[in-house]
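Read through the structure below, which is laid out as structure tokens, and then see the notes.
Throughout, read-outs are computed from the coordinates displayed, never taken from laboratory work. Here the structure is a predicted model, which is why all the values come from computation and not from measurement. Cβ coordinates were reconstructed from backbone atoms using ideal geometry, including for glycine residues, and neighbour counts include every protein chain displayed.
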Amino acid sequence: MRTDYAIGIHDLSFSTTSLVLSHAELSRHNGTDLAKYHVGIGQRAMSVPTLDEDIVTMAAAAAAPVVERHGTDRVRTLVLATETAVDQSKAAGIYVHSLLGFHPNVRVVEVKQACYGATAGLQFATALVHRDPGQQVLVIASDVSRYDLDSPGEATQGAAATALLVSANPALVEIDRPSGLFTSDVMDFWRPNYRSTALVNGKESIAAYLEAVDGAWRDYSAQGGLPLKDFRAFCYHQPYTRMAFKAHRQLLETCGEAPDDAAVEHAVAATTGYNETVGNSYTASMYLALAALLEGEDDLTGESVGLFSYGSGRVAEFFAGHVRPGYREHLRGDAHRAAVDRRRPVDYPAYRELREQTLPTDGRWHDLPHQTQGPFRLAGIRDHQRVYEAA
Ligand code: COA
């Protein structure tokens, strides 16, 4: 069915944590050649949360500027995607709903499928807006990525939240149809309910991701998608930024093209700026790549951008976004750069101490120290309930 209006991303805002650990500092601790981090995986630093920061505080911080600019009147659905949930039952988005003063006539739901969740939220949102173009949907992706200390995954940790306002006649990016989909049951990365850190078969996860690029693209083409040559750039899920380059090489091979280094650079290099310093923000990561691309130097008006979302376990989706005329006037580059730049550097011992602190589980009242410099904080745990407040 065709509509006479576009549907897509009307506003995009992201937030991250108050602390940052550089890979230079990590390599001083573990003796790893810094070039492995800077060149081999393409990471320079990772965002680290304070004790009073979590997916809720980041989500609210990402969404607050969107609410400030557009209000809440037209938002009737709030989707929060995460794979690092703070409760097995209650949707984290309800805390965000409360912190940001949404009216009660909103449905709030949490979505999970590893790093793919936000894309599911975005696609569901476009369908809701299609049903009623007067409505807007707020889709928030928020994650804190944690691997075991001294494991290979540790260097790829990070944390961030992105808030996408989905509407008819979007200011930034129209989400095109169709999508290429690819799902199969693999154990490349997972986190059982009793663990605070993820388990990962590192090399298998890379192979699983590349297989999904191939599978999702083939389905995208079979569904009548655009040819490769029509795309100006590609935003891939970035568990570490070098993965985007590997992914694009795979796509070129799938399309029967030579995996030429210059072509790969041209397609991907402008998407990695935020992720290389924030680290893996799981389901938020592809949307940080999109922010970096849109805020970059090139004028992308009218261009098609390929978006590849990957969630271990595994579900993948390839789809296209069409950049809207006038999009530059609605970007938030200054605020995003400020969020990244104002993080306080921590040394390795301070990071390790933070990692070893866990929130109390005894049901008594515990107030948490005020450490965040963000606008919202987890003030304490009382009777097994998380208590949030404006900072
Ligand atoms: N200088 C430059 N490059 C170097 C280097 C050096 N001194 N030392 C190593 N490298 C390169 C390697 O050649 C390799 O490149 P390649 O992938 O192109 O072959 C890269 O750095 C990583 O090195 P490797 O030895 O494979 O790293 P690792 O065993 O520490 O594992 C991951 C890397 C990504 C598998 C690991 O960090 C991980 O498990 N991450 C979490 C899971 C994940 O992100 N999966 C991705 C799909 S979702």
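Filter the cross-link list Lys203/Lys246; Lys112/Lys246; Lys36/Lys246 down to pairs whose alpha-carbon distance in this structure exceeds 22 Å. Correct reply: Lys112/Lys246.
Between the alpha-carbon centres of the range 219-246 and the range 126-154 there is a gap of 19 Å.
This ranking places Cys115, Cys235 by how few other beta-carbon atoms lie within 10 Å of each, fewest first, which gives Cys235, Cys115. Couplings for the range 17-29, taken from phi via the Karplus curve 6.51 cos²θ - 1.76 cosθ + 1.60 with θ = phi - 60°, read 8, 8, 10, 9, 10, 7, 6, 4, 5, 4, 5, 5, 6 Hz in order; Gly and Pro are left as x.
Among Gln113, Gln88, Gln123, the largest mean-square fluctuation in a Gaussian network model of the chain, built with springs joining Cα atoms closer than 10 Å, belongs to Gln88. Ordering Glu110, Glu356 by the number of other Cβ atoms within 10 Å of each residue's own Cβ, fewest first, gives Glu356, Glu110. Shown in residue order for the range 125-133 are the 3J(HN,Hα) couplings computed by the Karplus curve 6.51 cos²θ - 1.76 cosθ + 1.60 at θ = phi - 60°: 5, 4, 5, 5, 5, 4, 5, 9, x Hz (x for Gly and Pro).
Averaged over residues, the count of other Cβ atoms within 10 Å places the peptides 323-335, 4-16, 198-210 in the sequence 4-16, 198-210, 323-335, highest first.
By the count of other C-beta atoms within 10 Å, a proxy for reagent exposure, Lys90, Lys229 are ordered fewest to most as Lys229, Lys90.
Of the peptides 339-345, 189-195, the order by per-residue mean of other Cβ atoms within 10 Å, starting with the highest, comes out as 339-345, 189-195.
If you take the charge dipole of the range 7-390 about its Cα centre, with +1 on Lys and Arg Cβ and -1 on Asp and Glu Cβ, which of Leu34, Tyr310, Val264 is farthest toward its positive end? Of the candidates, Tyr310 comes out farthest on the positive side. Sorting 220-228, 72-80, 275-283, 49-57 by average packing, meaning the other beta carbons within 10 Å per residue, from highest down gives 275-283, 49-57, 72-80, 220-228.
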